[in-house]
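A short worksheet on the structure shown next.
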Amino acid sequence: MSSVSLIDLLSHGRFVSGVELAERLSVSRTTIWKQLNNLEHKGIAVEKVRGRGYRIPGGLSMIRLEGLRSGLAFLRPCDVVELRLFDEVGSTNSFLVGDSGKWVANNFYLAVAEAQTSGRGRRGKEWFSPYAKNLYFSLGFVFEGGFDSLDGLSVVVGVLLAEALSNEGVSGVELKWPNDIYLSGRKLGGVLIELAGEFNSRCSVIVGVGLNVDLDSESSNPIDQPWTSLKAEGVRVDRTELLTKLSAALMGGVSEFLRIGVGGFVERWAAFDYLKGRCVKTFGVVGLAMGIKSNGCLIIDCGGQEVLINSGEVSVRLADDSD
Ligand code: BTN
């Protein structure tokens with residue numbers, strides 16, 4: 001028996017007796033008890049009430065592989081998508097980086113996890129990845145044009161995610177250059193893009209996305225900046241449906257980007273630009289953010305002089321932030 005099937009029986013959030021759980025899974029009550037302990041070790045609160053049984057208060061929205069597969073088949077019937085759903089993995093990005101040597105052109109590789117034990121953010125930070133709370137997924141594909149032609153992909157990915165979230169009824173989504181996803185002035189999600197392979201020819205691109213979905217505002221966590229989640233903003237979603245929409249949007253948009261480049265996305269970026277008109281600072285530069293160039297660079301006006309900031313490991317912060 002796997003803990004996933006026990007979760008399946010409890011994910012609706014109602015009480016189920018220990019006897020019924022044992023019968024439905026054809027295991028002993030002791031095994032059920034051990035599995036319930038495992039759930040608690042994964043950070044899932046299980047409530048026990050004598051005479052009623054066990055429940056997960058509030059229930060859990062688990063990612064359904066078949067739902068994801070059929071959603072993607074319907075949306076992109078012509079694409080080949082290799083799909084992996086992990087109950088737990090170190091990092092979906094790291095998994096795809098390790099797998100990328102055997103990839104073929106025109107395929108998409110999608111790795112999704114309910115939890116990451118070593119989730120990675122930008123600038124070497126940890127990405128908090130508790131079980132069955134948020135979305136953690138990575139999309140990989142082969143690109144034949146070399147690293148340089150991928151300039152602007154960060155911006156494109158941000159636009160695609162922001163548009164997909166807006167289409168799903170999440171209003172007020174903003175993008176902090178190059179692709180932090182913001183809601184109500186706090187970080188809702190982030191993107192980690194990694195490249196593997198040859199510098200000048202064929203390379204593998206891995207686009208990793210983390211999005212806070214059901215993270216509770218009252219529970220403690222190690223996130224070191226103002227953050228929010230869809231739940232904290234009063235938005236309830238089915239994680240499988242949202243994941244399907246976001247990954248389908250990325251696949252469609254990445255194909256478009258590979259055909260036409262970043263230019264077509266610059267106007268679309270403007271609808272979500274969190275920094276525009278704000279005073280920002282980055283290494284050695286303080287000025288007014290003025291949107292982005294046709295190649296995806298951030299424009300900063302430093303007292304009348306235009307400074308362009310490339311995508312990459314540059315941190316842009318509001319000038320009145322202390323860190
Ligand atoms: C950021 O720092 O803003 C980027 C966060 C990216 C997190 C995602 S979660 C899925 C994928 N796997 C990882 O280890 N990181 C990315």
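The values are calculated or read from the model by the stated rules, or taken from the named source; none is laboratory data. Source: prediction; values computed, not measured. Neighbour counts run over all protein chains shown; Cβ positions are idealised from the backbone, glycine included. Note: accessible area is taken over every heavy atom of the protein model, side chains too, but ligands, DNA and RNA are not part of it. Shrake-Rupley method; radii C 1.70, N 1.55, O 1.52, S 1.80 Å.
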Carbon and sulfur atoms account, in whole percent of the 1.4 Å probe accessible area of the stretch 55-166, for 52 percent
Starting from the Cα coordinates of the stretch 222-304, work out the convex hull volume and express it per residue in Å³.
159 Å³
To the nearest µm²/s, what D does Stokes-Einstein give for the stretch 183-279 at 10 °C and 1.306 mPa s, using the Kirkwood radius over alpha carbon pairs as Rh?
98 µm²/s
Projected area averaged over orientations for the stretch 60-203, convex hull of C-alpha atoms, nm²
9.3 nm²
Please give the length that would be gained between Ser184 and Glu198 if that part of the chain were fully extended, namely 0.36 nm times their separation in residues minus their C-alpha to C-alpha distance (nm, one decimal).
1.0 nm
Ranked highest first by average number of other Cβ atoms within 10 Å, how do 283-289, 134-140, 191-197 line up?
134-140, 191-197, 283-289
Based on a Kirkwood Rh over C-alpha pairs, give the Stokes-Einstein translational diffusion coefficient of the stretch 1-133 at 10 °C and viscosity 1.306 mPa s in µm²/s.
94 µm²/s
Just to be sure I understand: with springs between alpha-carbon atoms less than 10 Å apart, which residue in Ser201, Ser247, Ser229 has the highest mean-square fluctuation in the Gaussian network model of the chain?
Ser201
Run the numbers on the chain and let me know its relative contact order in percent, using alpha-carbon pairs under 8 Å that are six or more apart.
14 percent
What value, in deg cm²/dmol to 500, does the helix sum -39500 (n - 2.57) over DSSP H runs of n ≥ 4 give at 222 nm once divided by the residues of the chain?
-8500 deg cm²/dmol
Cβ crowding within 10 Å averaged over residues, with 127-133, 235-241 ranked highest first
127-133, 235-241
Counting only protein heavy atoms and rolling a 1.4 Å probe, one gets per residue an accessible area for the stretch 158-263 in Å² of 37 Å²
Under the classification rounded if a/c is under 1.5, otherwise prolate if a/b is larger than b/c and oblate if not, where does the stretch 158-228 fall, given a ≥ b ≥ c as square roots of the Cα gyration tensor eigenvalues?
prolate
With a 10 Å cut-off between alpha carbons and a GNM built on the chain, which of Gly71, Gly98, Gly263 moves the most?
Gly98
Calculate, in nm to one decimal, what Glu126 and Ser255 gain on full extension: separation in residues at 0.36 nm each, minus their alpha carbon distance.
43.5 nm
Whole-number D in µm² s⁻¹ for the stretch 133-187, Kirkwood Cα-pair radius fed into Stokes-Einstein, 4 °C, 1.567 mPa s:
101 µm²/s
Under 5 Å from the placed amide H of Trp103, counting only residues 5+ away or on other chains, we find none
Counting every C-alpha pair in the chain, the percent lying more than 27 Å apart is 47 percent
